[in-house]
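Worksheet: one structure, shown below.
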Amino acid sequence: MNFKIVWMDFIYSVKGWYRSRGGMFWSLAFPVILILLFGAIFSGVGSSKYTLYIQDQDQTEMSKGFNATLNSTKLFNINIVKTDVNVTSFIKEKNIKSLIVIPKGFEQTIKNSFMNPSARVNLSFYFDPSEQTTTQVIRSVISSILQEMNKNLSQGRTIIGVSEISTITENFNFIDFFLPGMIGFTIMQGAIYGSIERNTKYRKDGILRKLLTTPITRSEWILAKMLFMMFLAALTTALITIIGILVFGMTVNITPLAIIILIATSFLFSGMGMLIGRFVKEEETADTAAGAISFPMMFLAGTFFPLEQMPQFLQTIAHILPLYYVNEGLRNSMIYMNQTESLINGAVVIIFAAVFFISGVLLTKWKED
């Protein structure tokens, strides 16, 4: 083996990497973004607070004592719900994930249990099955508190129990809740990667310059590319859904609003890819640039991790990311069947799509810089 040749080739590769400023930047920026992203997410694990709503219909010393014990765990941001509020409607309107109801007669039933061993009272715990981490934390805390209270009141005999009520009336599995996030993520990846790679390849091959000699306008060209990406998005969405139904027995509700959100999502991320591609000069750096944009959005927008599991500042960032509204819009339309919330999130997605399309038309250039 001629090590001189190996060394010379290595030096040539280093010089080529250094001369490609875009490649050098993205190859260094991508791992930095990842460590900052995951460090920010997981550095807060164990210290995150979960949002919990409580409706105290009893308003007695014992019910207030239970609330105080929950608050003392430092795990929850507790919000009090007025006693005259209809819990079922409140959960649906506000899209509440976790709520506990302390029933009227809570304290009196506990007092009666000293004379009547069969006396028992149940708290009502309303939970969202899709929020597995949050639900498990709250369930464990409630169980521990009630176990200690029952031990102090009756040496372990169950006086205070808990009734768990799903906020979703239909029988969904976890993968049903996972599906909308996967659809949004898949469309985002395909649209951003495809648009960036195509844009940089066309620029490198001189195709963009040649388009100047044709009657096609920039808006027409961008719209055509977005329609192609929408076609691919439709195919992948259908494929994911069919496999989920046939293999995993998923329950899926395809509504007209969900279809509108899917179309807007395809346009949104295609336009975003066009904009990013405008600033990526080398075809070789296209994948790295796409990953640097899509990966943080994928993890911060609630696709895989519940937002409540993340530090507060990351939750705030999530609410400015387009993918967050895609995920929420699809979940509300396909799973929760909450068309009001889905309509709001869908409107935000459409606004994002319009902004990126218009920006792509204004910033895309067919001439070389």
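The values are calculated or read from the model by the stated rules, or taken from the named source; none is laboratory data. Please read these numbers as outputs of a predicted model, since none were measured by experiment. For neighbour counting, all protein chains shown are included, and Cβ atoms are generated from backbone atoms with ideal geometry for every residue, glycine included.
Laid out as a table, the results:
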{"item": "Residue in region 309-319 that is among the polar types (S, T, N, Q), within 27 Å of Thr167 (Cβ to Cβ) and touching an Asp or Glu at 6+ places or on another chain (Cβ under 9 Å) present", "result": "yes"}
{"item": "Single residue of Gly23, Gly39, Gly46, Gly16 found to be at pLDDT below 85, buried (at least 16 other Cβ atoms within 10 Å of the Cβ) and either more than 30 Å from Gln339 (Cα to Cα) or out of contact with any strand residue (DSSP E or B) (no Cβ under 8 Å at 6 or more places or on another chain) (or both)", "result": "Gly23"}
{"item": "Boolean, Thr251 is touching a Phe, Trp or Tyr at 6+ places or on another chain (Cβ under 9 Å) and closer than 18 Å to Phe178 by Cα", "result": "yes"}
{"item": "Selection within region 308-336 - within 17 Å of Leu257 (Cβ to Cβ) and modelled with pLDDT under 75", "result": "Tyr336"}
{"item": "Those residues of region 54-80 which are assigned to a helix (DSSP H, G or I), within 11 Å of Glu107 (Cβ to Cβ) and out of contact with any strand residue (DSSP E or B) (no Cβ under 6 Å at 6 or more places or on another chain), in sequence order", "result": "Glu61, Met62, Lys64, Gly65, Phe66"}
{"item": "Search result, residues across region 64-94 that are of a type in the set (Lys, Arg), modelled with pLDDT under 85 and more than 19 Å from Asn338 (Cα to Cα)", "result": "Lys74"}
{"item": "Candidates Glu148, Glu107 - the one that is touching a helix residue (DSSP H, G or I) at 6+ places or on another chain (Cβ under 9 Å), free of Cβ contacts under 8 Å to residues at least 12 places away in the same chain, more than 30 Å from Gly181 (Cα to Cα) and outside the structural domain of Asn327 (by TED's automatic domain parsing)", "result": "Glu148"}
{"item": "Check on Pro117, assigned by TED's automatic domain parsing to the domain that holds Ile54, surrounded by fewer than 19 Cβ atoms within 10 Å (Cβ to Cβ) and touching a strand residue (DSSP E or B) at 6+ places or on another chain (Cβ under 7 Å)", "result": "no"}
{"item": "Residue match in region 264-272 (condition: buried (at least 18 other Cβ atoms within 10 Å of the Cβ), polar (S, T, N, Q) and within 19 Å of the chain's Cα centre (by Cα))", "result": "yes"}
{"item": "Which listed residue, of Ala258, Ala238, Ala289, Ala264, is of a type in the set (Gly, Ala, Ser), free of Cβ contacts under 8 Å to residues at least 60 places away in the same chain and not in a loop (DSSP other than H, G, I, E, B)", "result": "Ala238"}
{"item": "Residue ID - nearest to Pro311 (Cα to Cα), chosen from residues in region 81-106 that are part of a loop (DSSP other than H, G, I, E, B) and of a type in the set (Lys, Arg)", "result": "Lys97"}
{"item": "Filter result (assigned to a loop (DSSP other than H, G, I, E, B) and touching an Asp or Glu at 6+ places or on another chain (Cβ under 8 Å)) within region 193-228", "result": "none"}
{"item": "Given (1) within 23 Å of the chain's Cα centre (by Cα); (2) more than 22 Å from Ile351 (Cα to Cα), number of the condition Thr200 does not satisfy", "result": "(1)"}
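Let's see how each residue does on (1) closer than 30 Å to Met334 by Cα; (2) in contact with a strand residue (DSSP E or B) (Cβ under 9 Å, 6 or more places away or on another chain); (3) charged (D, E, K, R); (4) free of Cβ contacts under 8 Å to residues at least 40 places away in the same chain:
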| site | (1), (2), (3), (4) |
| --- | --- |
| Ile183 | yes, no, no, no |
| Ala191 | yes, no, no, no |
| Asp205 | no, no, yes, yes |
| Arg209 | no, no, yes, no |
| Arg218 | no, no, yes, no |
| Leu232 | yes, no, no, no |
